[in-house]
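Working notes, structure below.
The values are calculated or read from the model by the stated rules, or taken from the named source; none is laboratory data. Bear in mind the structure is a predicted one, so any value in this text is a computation, not a measurement. Glycine gets a Cβ as well: all are built from the backbone with ideal geometry, and neighbour counts include every protein chain shown.
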Amino acid sequence: MSEEELEKLRRRKLEELMRDMQKKREVKNAPISEPIKVTDSNFNEVIRSSSLVVIDFWAPWCAPCRMMIPIVDELAREYAGKILFGKLNVDENQRVPAEYQIMGIPTFLIFKDGALVERLVGAIPKNVFKQKLDKYIRED
């Protein structure tokens with residue numbers, strides 16, 4: 001291979017690396033568009049990680065909880081970058097539900113700047129859920 005061919009190859013490889021790095025940077029900075037897993041151990045970190053956070057207290061055996069899964073997933077996509085959604089399985093994590101006196105599921109706790117601002121209990125129609133969330137977005 002000639003020097004000229006080697007130089008072209010180096011340039012092409014460098015351009016590919018730069019494109020790959022840019023893509024990784026864009027993905028890293030992309031807003032979270034699906035609910036994240038929340039546990040007793042990461043709960044405090046999660047509620048402080050974004051200015052507006054919704055935690056879904058649920059269990060796999062709970063029919064109303066399962067009904068809410070597609071709604072919560074849709075809301076997480078629609079509010080990506082504005083609201084962080086998390087799901088906490090109450091069967092696997094019992095400290096936080098006890099601390100917040102979760103008596104029925106699904107229960108949704110809304111945190112603004114790390115402070116609890118609203119509690120919603122039971123299966124909720126998407127439009128009602130959105131009205132509750134929009135109230136906190138407008139306050140920003």
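In this structure, is D56 of a type in the set (D, E) and more than 23 Å from Q131 (Cα to Cα)? First the steps, then the outcome.
On the way: of a type in the set (D, E): yes; more than 23 Å from Q131 (Cα to Cα): no.
No; evaluated as a whole, the condition is false for this residue.
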Applying the selection to segment 100-140, what residues are surrounded by 11 or more Cβ atoms within 10 Å (Cβ to Cβ), in a strand (DSSP E or B) and hydrophobic (A, V, I, L, M, F, W, C)? F108, L109, I110, F111, L116, V117, L120, V121
Scan segment 77-96 for residues that are closer than 12 Å to I55 by Cβ and either aromatic (F, W, Y) or surrounded by 20 or more Cβ atoms within 10 Å (Cβ to Cβ) (or both) and report the count. 7
Given (1) assigned to a helix (DSSP H, G or I); (2) more than 26 Å from K132 (Cβ to Cβ); (3) not acidic (D, E), P97 misses just (2)
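This table checks each residue for (1) in contact with a strand residue (DSSP E or B) (Cβ under 6 Å, 6 or more places away or on another chain); (2) modelled with pLDDT of 95 or more.
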| site | (1), (2) |
| --- | --- |
| I36 | yes, yes |
| F57 | yes, yes |
| W61 | no, yes |
| D73 | no, yes |
| L88 | yes, yes |
| P125 | no, yes |
| L133 | no, yes |
| E139 | no, no |
Test set (1) in contact (Cβ under 8 Å) with a residue 40 or more places away in the chain; (2) crowded, with 20+ Cβ neighbours inside 10 Å; (3) β-branched (V, I, T) - V72 fails condition number: (1)
